[in-house]
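Single-structure report; data block below.
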Amino acid sequence: MSRSRVKQTLAVAILGMTLLCGIGAYAIGSALIAPSPSLVGDLPEDLVGESVLIPSESGSLLHAWFVPGRHDAVVLLHGLHASRRNQVERTRLVHGAGYSVLLFDFQAHGESPGSNVTFGYLESRDARAAVDYVRRRLPGQKVAVIAQSMGGAAAILAQPALAIDALVVEAAYPNLDDAVEDRLMMRLGSWAWVLGPVLTLQVQPRLGFPASTLRPIDHVADLTIPKLFIAGSADEHTRIDESRALFEAAGAPKIFWAVDGAAHVDFYRYAPVEYRQHVLGFLQEYLRQ
């Protein structure tokens, strides 16, 4: 085969691989931003509360449950592709300690309408709408947020900052680039990091804002409220060094708890006794002092 023929063959092969990677990345991107609707059902009978609807500047009408308590309040923010149903056990925990609780579905999750998941961008507006609802409903009482993964990013990204008195952040990503790379390498192997930029470049044309907007690590220093950061030592979705970086970027007062052996899981289910001690102790100190 002639040298020119070899070059042409290589060029065609490279072009083919590039197209395949592009198509694959587009498909992965489509799966990541796809809405996660689900039928949440009724509030469990052991929790006496009500269903409420909360308008959000995200454009969604948030479906929520409000469970009144004896003092102060906690707003629960679920993670990616989840719903308020995932927050029922935490609701029992904090409500059992006397707090009022609001748990809701982010836009494009559960029963709240939405076109695309936005990894904390629009969800940050939902978080603010939820907190503002509690502030109006319980004037004069203190409010805390407990947020998992994407919910943690939403809580930190909210502009203006959430009007809360304390924040618990569980395994929130420091920036979208790291979050995408971690997930690609988990599923496809160490070589897959090269697809990361192809995915993040889709954010602007498909969601309407640049990926650089999704950097909680650039905003966490602005939060002067007490913060408890929780991370799993075996988490591959948000590595513990990434969680520590987010913690280090935050201002005081702050606490870091590494859950030994935990992956990107529900930390309350994984370590219920320790979770109760750390989280309820944190709320006791900063809400009920």
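The values are calculated or read from the model by the stated rules, or taken from the named source; none is laboratory data. Just so it is clear, the model here is predicted, and its values are computed rather than measured. So basically every Cβ, Gly included, is an ideal-geometry build from the backbone, and we count neighbours across all protein chains shown.
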(Q) Of everything in the range 98-135, what is of a type in the set (Gly, Ala, Ser) and closer than 21 Å to Leu162 by Cβ? Give them in sequence order. (A) Ser100, Ala108, Gly110, Ser112, Gly114, Gly120, Ser124, Ala127, Ala129, Ala130
**Q.** Selection count, the range 157-177, where residues are under 21 Å from Glu285 (Cα atoms) and outside any loop (DSSP other than H, G, I, E, B)
**A.** 5
(Q) Just to be sure I understand the filter: pairs with C-beta atoms under 9 Å, separated by 6 or more residues or on different chains, first member in the range 109-125 and more than 13 Å from Thr213 (Cβ to Cβ) and touching a residue at least 12 places away in the same chain (Cβ under 8 Å), second member assigned to a loop (DSSP other than H, G, I, E, B) and β-branched (Val, Ile, Thr). Which pairs pass? (A) His109/Val117; Gly110/Val40; Glu111/Val40
Q. Does at least one position in the range 194-215 carry a residue that is over 23 Å from Ala271 (Cβ atoms), outside any strand (DSSP E or B), of a type in the set (Gly, Ala, Ser) and modelled with pLDDT under 90?
A. yes
Q) How many residues are outside any strand (DSSP E or B) and surrounded by 15 or more Cβ atoms within 10 Å (Cβ to Cβ) when one looks only at the range 218-233? A) 6
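For every residue, the table says whether it meets (1) over 19 Å from Ala158 (Cα atoms); (2) under 18 Å from the mean Cα position of the chain (by Cα).
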residue: Met186; (1), (2): yes, no
residue: Val198; (1), (2): yes, no
residue: Leu214; (1), (2): no, yes
residue: Asp218; (1), (2): no, yes
residue: Pro226; (1), (2): no, no
residue: Thr238; (1), (2): yes, yes
residue: Pro272; (1), (2): yes, no
Q. Among the listed residues Val40, Val12, Val6, which satisfies the condition of being of a type outside the set (Asp, Glu) and at pLDDT 95 or above?
A. Val40
Q) Going by the conditions given, is Ser149 of a type in the set (Gly, Ala, Ser), without any contact (Cβ under 8 Å) to a residue 40 or more places away in the chain and in contact with a Leu (Cβ under 7 Å, 6 or more places away or on another chain)? A) no
(Q) I need the full set of residues from the range 28-51 which are of a type outside the set (Ser, Thr, Tyr), part of a strand (DSSP E or B) and closer than 20 Å to Val94 by Cα, in order please. (A) Glu50
Q.
Restricting to the range 234-252, give me the number of residues that are buried (at least 18 other Cβ atoms within 10 Å of the Cβ) and out of contact with any Ser or Thr (no Cβ under 6 Å at 6 or more places or on another chain).
A. 9
Q | Search result, residues across the range 242-284 that are touching a residue at least 24 places away in the same chain (Cβ under 8 Å) and charged (D, E, K, R) | A | Glu242, Lys254, Asp260, Asp266, Arg269, Arg276
